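The values are calculated or read from the model by the stated rules, or taken from the named source; none is laboratory data. Bear in mind that the values here come from a model prediction, so they are computed numbers and not experimental data. With ideal geometry, Cβ positions are generated from the backbone for all residues, glycine too; neighbour counts draw on all protein chains shown. These area figures cover heavy atoms from the full protein model, side chains too; ligands, DNA and RNA do not enter into them. Shrake-Rupley method; radii C 1.70, N 1.55, O 1.52, S 1.80 Å.
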Amino acid sequence: MSRVYKFIFTKLVILIITYFIALSIAFVLPRIVPGNPVQSLIVSLASGSLSPELLSDYQRRLVEVFELNKPLHIQFINFLRKSFTGDLGVSLQSYGEPVVSLIARHLPWTILLLVPAIVTAWFIGNYLGARASYKRGSIFEKVTIGAGMVVSQIPYYWLAMTLIFALAVLPRELWGVDLFPPGSAYDPVLQPSLTLEFIISYLRHYVLPFLSLLLPSLGGWIISMRVIATMELGSPYIFYSDTLGVKDKILFRYVLRNSMLPQVTALGIQLGFVLSGQIITEQIFNYQGMGILLTRALGVRDYPVIQGVFMILIATVLLANFIVDFVYVLIDPRIRLGHRRD
């Protein structure tokens, strides 16, 4: 059991170090870009009726509030201190609204889109890949692997635009059928609620962004699982079991279960790629998630929002990888029981 504790402790230390490095990058990158958020805000306000004296005073107060007049290392220390206490500051462009409330408003939409897409792609892709490997040379394998290779190479943004054109714009132009909405998470005239009208609207808006995330991931899992299952089929225990006359259904079950171990580890790695694809997907569909919030913040250099969004996204990916590593310990007896070479 000490081996398990050592494994988890090592992963936890790596997670903390990685998180610190990622936070440092998230803090530095927005500040490398010329200009600052206060300057952008003052320029936008200058076209109004405010006098130059009021604008100058307002700019001075904003610089003090957001500590932009302090040295960079002091800003960084204060950023780390506040981050670990849950104080992410306030947004410049949202009239002083706390960043925590902005994230709380957008994060659920991202989770509702990201998690089902990843989980569905993982289960279906692994099953189809293992089945294709087990039925080598069959029409099922050729069709499944061919389709998997095609969709796995399609960029998220290109697939998203293609789905909008094929399933939203084209049916409306040719047949006058409003098959799927081209964007947003729900009808703008509705308010989020548990009413049947809102749920139906949400599900109709959900289909296209869900498919744009699901299909590329699905293809990747099919290809990788097929390779792993093919190697597993060459194992001595498969030949021995086949010689004994073990049923194909039972053999397939063992191949699938043993081939899933590397895929569990890959699940945590894949999360980062899917998350980056989701940020682009949310922009294309104007989906009210973290991606659209980050895009708007980057456009106006809203440092607190950029830092807060990156902090949450980074923490999500790292925590998911840590959970995957922990699950791997539970399902792999070589780690759980302590594998030793004789």
Going residue by residue through segment 81-95, is there one that turns out to be part of a helix (DSSP H, G or I), over 23 Å from the mean Cα position of the chain (by Cα) and not aromatic (Phe, Trp, Tyr)? yes
Condition test on residue 217, is it in contact (Cβ under 8 Å) with a residue 60 or more places away in the chain and part of a helix (DSSP H, G or I)? yes
Do the conditions hold for residue 113, that is, is it assigned to a helix (DSSP H, G or I) and in contact with a Phe, Trp or Tyr (Cβ under 8 Å, 6 or more places away or on another chain)? yes
Flag for residue 294 being in contact with a helix residue (DSSP H, G or I) (Cβ under 6 Å, 6 or more places away or on another chain) and modelled with pLDDT of 85 or more: yes
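Of all helices (runs of 4 or more DSSP H) completely enclosed by segment 121-197, which ones contain at least 2 residues that are touching a strand residue (DSSP E or B) at 6+ places or on another chain (Cβ under 9 Å) and surrounded by 11 or more Cβ atoms within 10 Å (Cβ to Cβ)?
Passing ranges: none, list empty.
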Tally the residues that are surrounded by 21 or more Cβ atoms within 10 Å (Cβ to Cβ) and either part of a helix (DSSP H, G or I) or in contact with a Cys (Cβ under 8 Å, 6 or more places away or on another chain) (or both), restricting the search to segment 275-291. 8
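Could you look through segment 220-271, keep only residues that are part of a helix (DSSP H, G or I) and charged (D, E, K, R), and pick out the one that is modelled with the highest pLDDT?
Step by step, filter segment 220-271, then rank; the result is 226.
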Restricting to segment 64-81, give me the number of residues that are at pLDDT below 80 and not acidic (Asp, Glu). 4
Residues of segment 91-105 satisfying the condition of being open to solvent by 20 Å² or more (accessible area, probe 1.4 Å) and either closer than 29 Å to residue 265 by Cβ or touching a helix residue (DSSP H, G or I) at 6+ places or on another chain (Cβ under 6 Å) (or both): 93
